[in-house]
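Heads up: the structure comes next, in structure tokens.
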Amino acid sequence: QKEVEQNSGPLSVPEGAIASLNCTYSDRGSQSFFWYRQYSGKSPELIMSIYSNGDKEDGRFTAQLNKASQYVSLLIRDSQPSDSATYLCAVNLSGTYKYIFGTGTRLKVLA
Amino acid sequence: EAGVAQSPRYKIIEKRQSVAFWCNPISGHATLYWYQQILGQGPKLLIQFQNNGVVDDSQLPKDRFSAERLKGVDSTLKIQPAKLEDSAVYLCASSPTSGGQETQYFGPGTRLLVL
């Protein structure tokens, strides 16, 4: 059973701090990785996608991928209360068109 | 560009009843996904269509769940008969193709409560 694991949280950070969200996956051949944000009662929306080892930055968000360690992370700089949500990690299973989601990490940014 | 449409938004039924959900993907998107999201969990893929063919339905409980995507556009997911554990949000998503690097766009979901 291919898995994606995340700490369910909640992860609490003060406003203006860096929030670090982590995800590990079991399928060594996976090539595509996604971070979605889900506000309470809403559907997931894509924040970042990453396909190569290293860092990818988009505004206040940075995704980091380490395929050797099967680890992907999301950093949120200058966290705002509006960033309070559940962050879902999704992985495309190698050789398939199937995506596996983690259980999500709930982030709370304290004003 | 219109997003993924789903209806109904909410449904309350009693166990053993039947229910159907409808999804209309973004125009031109070839791939359509149905996910089940139980409270506190991530979305779990139930079935994936590419055009009107099934790509993956390995986690669809086929004794009670069925889905179709006639003409490769909109789709219907049915539960018959419903069980208490089917209470969840049913999310439909679409993507332009199914190449594995595609962004999935989610609809607002249908919240099902089975009593």
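Quick look at the numbers
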{"quantity": "Verdict on B:W22 being in a strand (DSSP E or B) and open to solvent by less than 20 Å² (accessible area, probe 1.4 Å)", "calculated": "no"}
{"quantity": "Among the candidates A:R37, A:R28, residue that is part of a strand (DSSP E or B) and among the basic types (K, R)", "calculated": "A:R37"}
{"quantity": "Residue check, A:S49 at negative phi and either under 15 Å from the mean Cα position of the chain (by Cα) or loosely packed, with under 12 Cβ neighbours inside 10 Å (or both)", "calculated": "yes"}
{"quantity": "Subset of segment A:1-57 [charged (D, E, K, R) and touching a Cys at 6+ places or on another chain (Cβ under 6 Å)]", "calculated": "none"}
{"quantity": "Qualifying positions in segment A:67-82 - crowded, with 16+ Cβ neighbours inside 10 Å, of a type outside the set (A, V, I, L, M, F, W, C) and either assigned to a strand (DSSP E or B) or within 14 Å of chain B (Cβ to nearest Cβ) (or both)", "calculated": "A:S73"}
{"quantity": "Qualifying residue in segment A:3-21 (condition: touching a Leu at 6+ places or on another chain (Cβ under 7 Å), free of Cβ contacts under 8 Å to residues at least 40 places away in the same chain, open to solvent by 20 Å² or more (accessible area, probe 1.4 Å) and assigned to a strand (DSSP E or B))", "calculated": "no"}
{"quantity": "Subset tally (residues that are open to solvent by 60 Å² or more (accessible area, probe 1.4 Å) and free of Cβ contacts under 8 Å to residues at least 12 places away in the same chain) for segment A:83-111", "calculated": "1"}
{"quantity": "Residues of segment A:91-111 satisfying the condition of being more than 8 Å from chain B (Cβ to nearest Cβ) and either of a type outside the set (S, T, Y) or assigned to a loop (DSSP other than H, G, I, E, B) (or both)", "calculated": "A:V91, A:L93, A:S94, A:G95, A:R106, A:L107, A:K108, A:V109, A:L110, A:A111"}
{"quantity": "Criterion: within 13 Å of the chain's Cα centre (by Cα) and assigned to a loop (DSSP other than H, G, I, E, B) - qualifying residue of B:Q41, B:Q59", "calculated": "B:Q59"}
{"quantity": "Close pairs (7 angstrom Cβ cut-off, 6 or more residues apart or separate chains): farther than 14 Å from B:K44 by Cα in segment B:84-96, aliphatic (A, V, I, L, M) and part of a strand (DSSP E or B) anywhere", "calculated": "B:L84/B:V114; B:S94/B:L32"}
{"quantity": "Residue pairs meeting the criteria (Cβ under 6 Å; at least 6 apart or on separate chains; first surrounded by 12 or more Cβ atoms within 10 Å (Cβ to Cβ), in segment A:55-66; second of a type in the set (S, T, Y))", "calculated": "A:D55/A:T62; A:Q64/A:S73"}
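The values are calculated or read from the model by the stated rules, or taken from the named source; none is laboratory data. Computed from a predicted model, the values in this text were never measured in an experiment. No Cβ is skipped: glycine too gets one built from the backbone with ideal geometry, and neighbour counts run over all protein chains shown. Quick note on the areas: whole protein, heavy atoms, side chains included, nothing else; ligands and nucleic acids left out. Shrake-Rupley method; radii C 1.70, N 1.55, O 1.52, S 1.80 Å.
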